[in-house]
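K.L.:
Structure below; questions to follow.
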Amino acid sequence: MIERILFPVEFSPPCAAVAGFVKRAAEMFGSRVTLVHVCDLTRNNGFELIARTMREVAEEHQAVAEDQLKSFLESDFPADQCSRILRFGEAAEQIAEVARTGSFDLIMMPTHAGRFRRMLLGSTTAKVLNDADCPVMTTQHAESGIPRPLKHRVWVCAIGLSHDSERVLRLASQAADAAGAKLVVVHATHETAEANAGRRIRELVTTVACEVETSIAVGEVKQALLAEACRWDADALIVGRAPRRGALGRMRDLTYSLVRDSPFPVLSV
């Protein structure tokens with residue numbers, strides 16, 4: 001299912017800290033990893049233009065980026081096993097384009113706790129989540145910058161029982177099987193709708209023909225889903241995005257807040 005993983009890098013310590021997380025995912029899925037870095041050649045500090053032209057400054061920035069990308073995480077992702085791609089322009093746009101044209105199956109991105117929490121809607125990660133066609137896995141927000149190791153004991157799939165729920169459950173089942181994980185399907189609802197939700201989940205499970213445990217969480221949706229995932233001590237939380245981009249984008253407020261606040265890695269499909 002997941003043969004090719006795209007790992008966007010920007011040479012920061014938090015980015016280097018997730019190398020083990022990406023390696024673990026590649027081992028679990030039997031995938032090949034490709035590193036991509038996006039360089040904005042139009043950015044400069046102003047002083048660089050005093051003695052040189054814009055073109056000369058851009059050429060230097062490109063050369064520096066090429067050298068950094070070649071050596072970055074070489075011990076974790078050797079060049080003879082993991083290719084590297086350098087692109088130029090707006091980061092999120094280029095990452096999504098590389099994933100699309102390169103037929104990547106998964107994008108794995110670190111989320112820096114402080115900035116991502118404050119500027120979620122404007123962050124590169126949030127834009128990639130909205131624009132990318134393939135699934136995106138984000139790390140949980142660890143203040144230390146070191147994410148919780150990705151394992152394969154229990155993965156929780158949050159289901160909203162919309163018309164898109166079958167697609168989400170099918171992908172979640174395939175991903176959990178590939179990782180050797182037990183899959184738990186969780187739906188959050190108000191208490192009055194609990195019986196109907198249970199029936200609908202059973203119908204979905206029968207349609208997808210997957211082996212899962214199911215759970216109904218009663219209460220406010222985000223808090224109930226995260227509490228249930230914590231109860232299962234989940235290794236990953238799987239959530240759905242709109243399958244196609246529209247006027248409102250792929251992501252909705254609930255999905256954004258789950259990605260932002262989850263104490264677990266989140267696989268957005």
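Laboratory data are not the source of any read-out in this text; all were calculated from the coordinates shown. This structure is a prediction, so every number in the text was calculated from the model and none was measured. Positions of Cβ are backbone-derived with ideal geometry, glycine not excepted, and every protein chain shown enters the neighbour counts.
K.L.:
Which residues among region 1-38 fall inside the zone where the amide N is under 17 Å from a point 7 Å beyond the Cα of Arg100, along Cα→Cβ?
P.N.:
Residues 6 qualify, since their backbone N sits under 17 Å from the label point.
K.L.:
What residues of region 1-34 lie in the reach of a label at Asp177, counting those whose backbone N is under 19 Å from a point 7 Å from the Cα along Cα→Cβ?
P.N.:
Residues 1-4, 28-31 fall inside that zone.
K.L.:
Also: Given points 7 Å out from each Cα along the Cα-Cβ axis, report the Thr53 to Arg231 separation in nanometres with one decimal.
P.N.:
About 6.7 nm, to one decimal.
K.L.:
Please state the equivalent ellipsoid semi-axes for region 160-243: what are the square roots of 5 times the Cα gyration tensor eigenvalues, largest first, in whole Å?
P.N.:
19, 16, 12
K.L.:
On to the next question. Taking 0.36 nm per intervening residue step and subtracting the Cα-Cα distance, what contour gain separates Val218 from Ser162 on full extension?
P.N.:
My answer for the length gained is 18.4 nm.
K.L.:
Quick one: if you stick a label point 7 Å off each Cα along the C-beta vector at Leu254 and Phe11, how many nm between them?
P.N.:
Placing both labels 7 Å along Cα→Cβ, they lie 4.2 nm apart.
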